[in-house]
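I have placed the structure first, in the form of C-alpha cells, so that the comments after it can refer back to it.
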Amino acid sequence: MIGVVVPAHDEAATIAYCIASVQNAATCVALHGETVRLFVAVDRCSDRTAEIASAAGATVIVADGGNVGATRAAGMRAAIDAGAHWLASTDADSTVPADWLSAQRACGGDAFCGMVSVVDWLDYPRDVQHVYAQAHAHLDGHLHVHGANLGVSVPAYLACGGFPPIAAHEDVALVQALAASGARIVRRAAPVVLTSARRTARAQGGFADYLLALEAHLRAAAIRPVAGMDASGIVHGA
C-alpha cells in the first residue's frame, strides 16, 4: 500500500483539488492496482479543512504539534500503522499529475525528490518569476527538495528517524537524514507537481515566505536578474 500524506492548516479553499489529483494518480494503470490511501494531517484548523477532506474520502489525522514537521510526521505514522510500504508527500495547495505515484514507485531508489512549478504567479513581477525559473531548472540530478513532491520507502524513513518536529525545512532535514543514513535518493525533473504562489504562508519559512523574500531581495537590491541567480542568503527548502 502507498500512503500519501498531506499536512493542512486552514486549507479549505484548496484541499479538495489536492485530494482529487491524488485520487486520480491512484488510478494510474502503471500502479497495477496497488492500493493507495490518503492521509490529511490537520493542524490547528479553524475552517472546514477536516470536514472537506473526510467527505472527499481522505483519512483525517488530527495533529496538534503546531509545526509542519510534526504534522507531516503524524501523517506518516498513521500511514505506516495502516500498512504502507511507500510514503508520498505533497502539500494542500498543490496538485499532482496522473503519473506522480507510479513514477515514484518505479524510481529505483529509497527516496524520490521531485520538482514543482508555480501554477499561478498572481501579482508577482516578472523578475521574480525569471530568477525563480533560472534557479530551479527542471533537470535530473537537481539538488532541490520540495515537500510537495517527495517520496520515501518506509524502511528508509524509519531508519533515518523520519520528519523532525520543526517549523520549517522539515523536508530538507529529512532528505539530509536519508543521505546520512546511506539511502539511495533519486532526483528527477519529472513528474512535476503544481503549486501556488500565494502570499499568505501556512508554514513560517516555507515556500510562500521564500517567494516573498525573493521579491523583497530583488526590490531592495534594484538589480536585473541574471541566469542562475538566486536570492543570496535566503535559506529555503526549494
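The values are calculated or read from the model by the stated rules, or taken from the named source; none is laboratory data. All of these numbers come straight from a predicted model, not from anything done at the bench. Backbone-built Cβ (ideal geometry, glycine too); neighbour counts: all protein chains shown.
Collect the residues in the stretch 138-158 that are buried (at least 16 other Cβ atoms within 10 Å of the Cβ) and hydrophobic (A, V, I, L, M, F, W, C), keeping them in residue-number order.
Passing the criteria: Val145, Ala148, Leu150, Val152, Val154, Ala156.
What number goes with the only condition from (1) closer than 21 Å to Leu38 by Cα; (2) surrounded by fewer than 23 Cβ atoms within 10 Å (Cβ to Cβ) that Trp121 does not pass?
Only one criterion is unmet by Trp121, namely (1).
Select from the stretch 159-172 the residues that are surrounded by fewer than 19 Cβ atoms within 10 Å (Cβ to Cβ), under 13 Å from Ala73 (Cα atoms) and among the hydrophobic types (A, V, I, L, M, F, W, C) and list them in ascending order.
Ile166, Ala167
Which of the residues belonging to the stretch 100-134 are farther than 13 Å from Arg187 by Cβ and either touching a helix residue (DSSP H, G or I) at 6+ places or on another chain (Cβ under 6 Å) or in a loop (DSSP other than H, G, I, E, B) (or both)?
If the condition is that a residue be farther than 13 Å from Arg187 by Cβ and either touching a helix residue (DSSP H, G or I) at 6+ places or on another chain (Cβ under 6 Å) or in a loop (DSSP other than H, G, I, E, B) (or both), then Trp100, Leu101, Ser102, Ala106, Trp121, Leu122, Asp123, Tyr124, Pro125, Asp127, Val128 are the ones that fit.
If I filter the stretch 135-153 for residues that are of a type in the set (Val, Ile, Thr), in a helix (DSSP H, G or I) and within 26 Å of His85 (Cα to Cα), do I get at least one hit?
No, the stretch 135-153 has no match at all.
Evaluate the stretch 181-188: report whether one residue or more is touching a helix residue (DSSP H, G or I) at 6+ places or on another chain (Cβ under 7 Å) and either part of a strand (DSSP E or B) or surrounded by fewer than 16 Cβ atoms within 10 Å (Cβ to Cβ) (or both).
yes
Can you say whether Val128 is among the β-branched types (Val, Ile, Thr), within 18 Å of Thr195 (Cα to Cα) and touching a Ser or Thr at 6+ places or on another chain (Cβ under 8 Å), as far as the supplied structure shows?
Taking the combined requirement at face value, the residue does not satisfy it.
Does Ser54 fit the bill of being under 20 Å from the mean Cα position of the chain (by Cα) and at negative phi?
Here the answer is no, as Ser54 does not meet what is asked.
Do we find that Arg187 is modelled with pLDDT under 95 and basic (Lys, Arg) in this structure?
Considered against the rule, which asks whether it is modelled with pLDDT under 95 and basic (Lys, Arg), Arg187 comes out as no.
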